[in-house]
Amino acid sequence: MKKILTVFLMAIIILNTSAISYAKAPINLNEIYANVDSNLNLTVEQVKDLSEDELNQYFKEVYSVNPSEFTYEDKVTAVEAAALLSGIQKFNSMSFFDSSYERVYTTRSAINNCNYTGSKGLAWVRDTTSDGSPLSLGEILSGVYTLEVDFLPYTAAATIYALGSDYNFFVSVRNAAGTAAASALICSKLKIEATIPAAVISFAVSMGWDILNALDRDAMKDVLLSMDASDLMKVDFITANKIVTKCYSKYTTEVEWIDSEKCFKYLDIENPTGKSGNWYGGQPGYLYSY
């Protein structure tokens, strides 16, 4: 009888040990992706007004995991991110290309590098759809990710920097009688010899004084002073704890001068993150204001 009881107890211990050994593995947040499309009928502002049942429903719909495994605060953060991504995708679906946009030689949705001919610059925007590079729950809950990186030609970066120097100068350029006069004002202000294209001046003026006045001009100045005429200013829009921070750096690649268009063709601009994204020529500041 004692032998039978001993065997029985050992069996229970073995079963319990096995249950512990084969317990559910910890959730890998970097392998859970936001399955979001432009039809998510929710805005970021509406998320905090959801009941907990509604919040759980959206969370499960987007991330396909059990909501009970996460805190209320994490679920709010995750669903707010889903609403933001849905809004971006809706904006992307409504955007279009016309003759004012400059040329990008690449497929629109790819991990590819890019060739660009133009004077205003271009934007790389992460493709957050399920067919591209959706954000992981790990990125969302850590609060750190990048959705856009811009590349500005020297004259575009210099013009934006100059127009943010003071309001009276901004007004004088805005009211200048023609492109030549505006270009002369900008070059005189910066003490450089260049010809500022009309498209660049128009783009910079259209940003408006409020945006230009809020620029981190010290950071821009440090980069501008290190640039040659054929360099690009790279602007990373990095989201950290729901705040977007702009990081400026010099980017150098091979170029060809296109005399017929009076601008450089920038060759083989690297995908800035290695993730799937869209390139938008002539549209820096695609998602964000400078």
Average Cα contact separation per residue, the chain, under 8 Å, 6 or more apart, as relative contact order %: 25
What nm value, rounded to one decimal, do you get for the distance between Arg217 and Thr43 when each label is placed 7 Å out toward the C-beta? 3.5
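Taking the solvent-accessible surface of protein heavy atoms with a 1.4 Å probe, what is the per residue accessible area of the chain in Å²? All intermediate terms of the calculation are to be shown ahead of the outcome.
Working: 15560 Å² over 290 residues.
For the chain, the solvent-accessible area averages 54 Å² per residue.
Nearest 0.05, what FRET efficiency do Cys247 and Asp53 give at R0 = 30 Å with Cβ-Cβ as r?
Taking R0 as 30 Å, the efficiency between Cys247 and Asp53 is 0.15.
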For the Cα atoms of the chain, what angle does the longest principal axis make with the long axis of helix 72-94, in degrees from 0 to 90, nearest 10? 40
Is there a quick way to get the dipole size of the chain? I mean about its Cα centre, with the Cβ of Lys and Arg at +1 and of Asp and Glu at -1; what is the value in debye to the nearest 20? 420
Distance in nm between Asn113 and Ile27 label points, each 7 Å along Cα→Cβ, equals 4.0
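Can you compute the FRET efficiency between Ser230 and Thr273 using 1/(1 + (r/R0)^6), with r the Cβ-Cβ distance and R0 = 25 Å? Round to the nearest 0.05.
Between Ser230 and Thr273 the formula returns 0.60.
So for the range 236-290, averaging the separation of alpha carbon pairs under 8 Å that are six or more residues apart and normalising by length, what relative contact order in percent results?
Result for the range 236-290 is 21 percent.
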Take peptides 130-137, 37-44 and line them up by average Cβ neighbours within 10 Å, highest first, as a rough protection proxy. 130-137, 37-44
Please work out which option in (i) 6, 29, 37, 24, 4, 0; (ii) 6, 24, 26, 19, 12, 6, 3, 2, 2, 1, 0; (iii) 6, 26, 35, 20, 7, 3, 2, 1, 0 gives P(r) over Cα pairs in 10 Å bins from 0, in percent calculated from these coordinates, and answer with its label. (ii)
Sort the following peptides by mean Cβ neighbour count (other Cβ atoms within 10 Å, averaged over residues), highest first: 235-241, 255-261, 177-183. 235-241, 177-183, 255-261
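The values are calculated or read from the model by the stated rules, or taken from the named source; none is laboratory data. Note that the coordinates shown come from a computational prediction; the quantities given were computed from them, not determined experimentally. Cβ sites come from the backbone with ideal geometry, for glycine too, and all protein chains shown count toward neighbours. Heads up: the accessible areas ignore ligands, DNA and RNA and are worked out on the full protein's heavy atoms, side chains in. Shrake-Rupley method; radii C 1.70, N 1.55, O 1.52, S 1.80 Å.
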